Amino acid sequence: MNILIVFHSTYGHMYRMAQAAAEGARETGADVEIKRVPEILSADIIEAMGATEAQKQMADVPVATPEDLVRADGIIFGVPTRFGNMVGQMRMFLDSTGPQWASGALVGKVGSVMSSTATQHGGQESTILSTHTTLLHHGMVVVGLPYAFQGQTTIEEVSGGSPYGASTITGGDGSRLPSDNELAGARYQGRHVAQIAGKLAG
């Protein structure tokens, strides 16, 4: 079973969530790859955003291509939010998958989405749901984060997570790291996606 996690991350939050999802998927015995979408911002803009160091820490992560999606049985997309929608880097990557759409190469594959926002109500759910639209156009089997992961119901702490997918809150300056509960949600989602992909391939 091959699980691919494709993400974009400016300050490293979605990379941490991707790593947690990979841990969960590997618990099922799946082979897991983590890749990032191509960066479109220039180095000076990244520096002005204060993200240079975080980008250096992710520099060794391979860059994804549309062909990578074809080889996977299940794909988890790590999609940060910009103004309630997916980040432009992920939009450009998904817009490059026209040949895969035309050939039906992703039909029947499991697709799942995680997200991040600066604030509690910054668009995590709308970003995940709007990304689902692209997955459905590809004919993918959309998988979320079921309420069997009870961490998403907590009211004891500020936490991301919804039945649509795991998520994290970063803080306006990116200083808040994913909490244990948010990472647990990502881990659960990774395991859940791998299990369903295995059943469909069965």
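The values are calculated or read from the model by the stated rules, or taken from the named source; none is laboratory data. Model, not experiment: these values are computed from the prediction. Note: ideal-geometry Cβ built from the backbone for every residue, glycine included; neighbour counts use all protein chains shown.
For the stretch 80-94, the tally of residues that are β-branched (Val, Ile, Thr) and either surrounded by fewer than 17 Cβ atoms within 10 Å (Cβ to Cβ) or touching a His at 6+ places or on another chain (Cβ under 7 Å) (or both) stands at 1. Taking the stretch 48-66 as the range and being in contact (Cβ under 8 Å) with a residue 24 or more places away in the chain, within 30 Å of residue 198 (Cβ to Cβ) and over 14 Å from the mean Cα position of the chain (by Cα) as the test, the residues that pass are 58, 61, 62, 63, 66. For residue 174, the criteria (1) within 18 Å of residue 115 (Cα to Cα); (2) at pLDDT 95 or above; (3) among the small types (Gly, Ala, Ser) hold in every case but one, which is (2).
Report yes if residue 95 is at pLDDT 95 or above, among the acidic types (Asp, Glu) and either in contact with a Leu (Cβ under 9 Å, 6 or more places away or on another chain) or closer than 15 Å to residue 24 by Cβ (or both), otherwise no. Steps first, please.
Working: at pLDDT 95 or above: yes; among the acidic types (Asp, Glu): yes; either in contact with a Leu (Cβ under 9 Å, 6 or more places away or on another chain) or closer than 15 Å to residue 24 by Cβ (or both): no.
Considered against the rule, which asks whether it is at pLDDT 95 or above, among the acidic types (Asp, Glu) and either in contact with a Leu (Cβ under 9 Å, 6 or more places away or on another chain) or closer than 15 Å to residue 24 by Cβ (or both), residue 95 comes out as no.
In the condition set (1) more than 28 Å from residue 202 (Cβ to Cβ); (2) at pLDDT 95 or above; (3) outside any helix (DSSP H, G or I); (4) among the aliphatic types (A, V, I, L, M), residue 90 is compliant with all but (3).
Exactly one residue out of 151, 161 is in contact with a helix residue (DSSP H, G or I) (Cβ under 6 Å, 6 or more places away or on another chain), at pLDDT 95 or above and closer than 21 Å to residue 86 by Cβ, and it is 161. Residue 49 falls short on exactly one of the conditions (1) at pLDDT 95 or above; (2) surrounded by fewer than 17 Cβ atoms within 10 Å (Cβ to Cβ), and that condition is (1).
Hey, among the residues in the stretch 23-45 that are of a type in the set (A, V, I, L, M, F, W, C) and surrounded by 16 or more Cβ atoms within 10 Å (Cβ to Cβ), which one's farthest from residue 198 (Cα to Cα)?
Among them, the one singled out is 37.
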